[in-house]
1. Put a label point 7 Å from Cα along the Cβ direction on A:A80, then list its distances to the equivalent points in the other copies in nm, shortest first.
2. With unit charges on the beta carbons (Lys and Arg positive, Asp and Glu negative) and the dipole taken about the Cα centre of region B:168-312, which residue among B:T292, B:A211, B:G233 sits farthest to the positive side?
3. Treating the point 7 Å from Cα along Cα-beta-carbon as the label, what are the nm separations from B:D69 to the other copies, to one decimal?
4. Could you pull out every one of the lysines with an alpha carbon less than 19 Å from that of A:K313, ignoring same-chain neighbours closer than 8 positions?
5. What share of the DSSP beta bridges in region B:101-286 is antiparallel, in percent to the nearest 5?
6. Can you give the extra length, in nm with one decimal, that the chain gains between A:R331 and A:E420 once fully stretched, where that is 0.36 nm per residue apart less the Cα-Cα distance?
7. From other protein chains only, count the Cβ atoms within 10 Å of every residue's Cβ in A:145-151, then give the mean.
8. Along the Cα→Cβ direction, 7 angstrom out, place labels at B:R343 and A:D267. What is the inter-label distance in nm?
There are 2 protein chains.
Amino acid sequence: MIEPTDPEKKRSSRRRFLAGAAGLAVAGATGAARADEKNLPPNVAGWSKQLGEGVASHPYGAPSKFEKDVVRRDVQWLTASRESSVSFTPLHELDGIITPNGLCFERHHSGIAEIDPNDYRLMIHGLVDKPLTFTLEDLKRLPRVNRIYFLECAANSGMEWRGAQLNGCQYTHGMVHCVQYTGVPLKLLLEQAGLKPNATWLMAEGGDAAAMNRSIPMAKALDDCLVAYRMNGEMLRPEQGYPVRLVVPGWEGNVWVKWLRRIKLGDQPWYTREETAKYTDLLENGKARKFTFEMDAKSVITSPSPQAPLKRKGFTVISGLAWSGRGKIKRVDVSLDGGRNWRTARIDGPVFDRACVRFYAEFDWNGAELLLQSRAIDETGYVQPSKAELRKIRGVNSIYHNNGIQTWALRASGEVENVEVG
Amino acid sequence: MIEPTDPEKKRSSRRRFLAGAAGLAVAGATGAARADEKNLPPNVAGWSKQLGEGVASHPYGAPSKFEKDVVRRDVQWLTASRESSVSFTPLHELDGIITPNGLCFERHHSGIAEIDPNDYRLMIHGLVDKPLTFTLEDLKRLPRVNRIYFLECAANSGMEWRGAQLNGCQYTHGMVHCVQYTGVPLKLLLEQAGLKPNATWLMAEGGDAAAMNRSIPMAKALDDCLVAYRMNGEMLRPEQGYPVRLVVPGWEGNVWVKWLRRIKLGDQPWYTREETAKYTDLLENGKARKFTFEMDAKSVITSPSPQAPLKRKGFTVISGLAWSGRGKIKRVDVSLDGGRNWRTARIDGPVFDRACVRFYAEFDWNGAELLLQSRAIDETGYVQPSKAELRKIRGVNSIYHNNGIQTWALRASGEVENVEVG
């Protein structure tokens, strides 16, 4: 429960009660109308009087037609072609921590490779005792694990380095999703091939026309990487690397190689295009940070937000997501006044290592203009910085690893804007 | 790691190693082929040489065309019409614990009500101080929680009461799914309306043409029920009650009223059609158990299974699901010999209260015929019974609440059949 610092607010009388076990407080007007027992809901006139569609009308189901605007969206001017572009998760239309597969953001370098699972092969070679090739069936017969992880593109919020630009959390923060992966521990495959003593790095390569490839140090590969073929129970979606992708928990999305076709073991990084010309962070002094794999702790308020304005005054819920590439989220704070005062938000639902967590902050909006912010604190004690703090250290040349605190200005009309604060 | 009792098996030499942190063992031939570094995977010829589809080709994504057979299926002869029928979750094609929304089983009594969310109303009336009507927007402004729960139809496995009948876990056990719900605690809504002291039961009614309704005791309503509007992050699917359904954790699916339009408070159960003529358990002596809300602990091996045969000998993984309406699953056992010997399976992934858990048992198949079984043990100490034990107590008249141990016969060909054992 947030107590806004606005003195107007404090004077307003309010009714409260606790929702027992859930421990949730509701204050002020919640909007429910007084009903007369004879005054039944209007639906008696319509859908209650005729048979609906039967089962298996949609053997693979789809959302309601009334949800047709809940979709991934792209920004046409962002890249030269749609085959090398990005579509964004509609974070403002979601809740909880699981992203449905159909709404997980995409980022491609040569479009979606269409791979026949019967022809799929994964080769492991280089500094190994015995180079191996796995079919998809081979992988499916090996021991597997299930893990829920966030995946964030390093360029998420990249446009915001030079100031508030995109009006909606779908665009400012929508290059993140969180699903349950099923896959084989990479360590198990590498041990089957047998690592040479000097194998200290690996190169993972995709089967797309870009042959997207990245270098990964052996310590990470042997720690927690997965060769995954399922997301949220079913096979990976085509745009997420069907039939097989690399899962690299907590690290930037670019290294989670999709359509994984080859893992080569070596004794040094490959310095591929995607880890030199791209996915490095150019600092103010002209030097670039390289191999900035880990995603820093971050959060964003998904509602209210520019695409999810408030429709009226009264009791409502601030909702948002937080995540950290370094472990579990320990706490999320919310501010209504642009970061001068902070209150602890309520985290609800499971808190997994390197997964999104959902936070809420209930409050009674009296129509005053507010500056909404959230900041994440992870279990290492790291606190999500302000954009100003971040720019002081990193400058504004980079397009990657912007985890600065986002500010939404809530206007008296209920509309919300992406703004910068001191 | 399961050690089959077959002596043939014990003689076979095998290579083993532990996959480090994951602690997973791989024995025998895993099928991976020795690769030559120059012999690249065959995909170099195809998808690696042309641009794929760009982003937002599918603003709401869909599975790969190669997964077109992974769908819900119905059984045409089961009911008089498809508007009052069931479609089954393809459990044999899934892994982990989350069911993707498009594959969650359906059970309708008058088809899928198509409800315009702007016209949606939920009325709370009867023994309350102040009858209330909520719009969907009202509900979305209230405090909410996120919970992962299984939902099982009381009739799941119902055909098996009189012997092994349906050849595939999609049909024998596919009336279960497990998703993350987002919703308002029912207790919070009831407290807003104000319960009269004699309000001891409620009746929940759906907005479909069946006006499907069930009685629920107040203790449950105030404990953990949710008025949910989201599943796996997005709005409920039409066939799951869009825009609002009741979530009644651990209890039979029939009381999770879909298209929820009305909650009436009373001082006794309503004895509706669905809790008298249906959803009661007729015993051998002609008496019927009524209000058998809680779902007993249950499990099933989803692979190998009749729809997911083994394609060759060697190392493979037995995979399955377990759940209990009484709390967390504590342990799952697996037998290869029809229940004579049992080994503890490996539970992998999160274990939530009244959610599905995923279990695995790795083994090296030498081609011998096996009788595969699994049994779930929940945190109350309840052990899933054999079908024989269950029939001894309940007879074979019922079609509900069959949680007996399922047996799959693995043939030498790798095919799997639904069979009964002593």
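Rule-based calculations on the coordinates, nothing more; no lab input. Note that the structure is predicted; figures quoted are calculated from it, not measured. Note: ideal-geometry Cβ built from the backbone for every residue, glycine included; neighbour counts use all protein chains shown.
1. Reported distances to equivalent positions: 6.6 nm.
2. Working it through, the farthest residue towards the positive pole turns out to be B:G233.
3. 4.1
4. Filter leaves A:K9, A:K10, B:K140.
5. On the way: 33 of 37 bridges.
The antiparallel proportion sits near 90 percent.
6. Values: separation 89, 0.36 × 89 = 32.04 nm, distance 2.35 nm.
Result for the pair: 29.7 nm of gain on full extension.
7. Working: counts 9, 11, 4, 5, 0, 0, 0.
The per-residue average across the peptide is 4.
8. So the label points at B:R343 and A:D267 sit 4.1 nm apart.
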